[in-house]
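Below you'll find the structure, written out as structure tokens, and then a few comments.
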């Protein structure tokens with residue numbers, strides 16, 4: 001392993017996204033859009049084998065992996081974080097970060113007031129031309 005094991009990502013055309021040689025379909029893109037609308041928490045890009053990469057290239061590998069996840073999930077740069085997970089301490093830190101993940105409140109939810117009702121009644125409107133005195137449609141009968 002070395003830098004040749006690094007994952008790279010590109011955006012494909014026609015509603016597809018690819019990471020390495022894996023391509024996401026239009027259904028996956030649609031699902032990601034729905035998840036983002038519901039407050040998808042920040043993405044964690046887990047990096048294993050980083051200790052085998054030369055020290056001078058680690059930052060570039062981290063950046064490339066984060067950029068690939070960012071493009072694949074179509075997230076802003078501040079919503080993707082690279083986390084190494086080689087040592088036991090790094091793995092425990094990863095578990096802690098996953099456990100502390102919180103979703104983001106969607107903008108549409110913050111813009112609308114909440115309403116809680118114990119009881120609601122619906123009174124339908126009578127059809128046009130209905131006369132309650134006659135009990136039949138006006139002009140008939």
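Each peptide in 74-85, 98-109, 119-130 was scored by the mean count of other Cβ atoms within 10 Å over its residues; highest first, the order is 74-85, 98-109, 119-130. If the segment from residue 100 to residue 86 were pulled out straight at 0.36 nm per residue, it would be longer than the present Cα-Cα gap by 3.0 nm. Can you give the FRET efficiency for residue 121 and residue 26, using 1/(1 + (r/R0)^6), R0 = 41 Å, r = Cβ-Cβ distance, to the nearest 0.05? Here the calculated transfer efficiency is 0.40.
The protection proxy used here, the mean number of other Cβ atoms lying within 10 Å of each residue, ranks peptides 38-45, 54-61 as follows, highest first: 38-45, 54-61.
Stretching the chain fully between residue 33 and residue 93 yields a gain of 18.7 nm (0.36 nm per residue, less the alpha carbon separation).
Bear in mind that the values in this text are calculations on the coordinates, not laboratory data. In this text, all values refer to a predicted model and were calculated from it rather than measured experimentally. Counting neighbours? That spans all protein chains shown, and the Cβs are built from the backbone with ideal geometry, glycine included.
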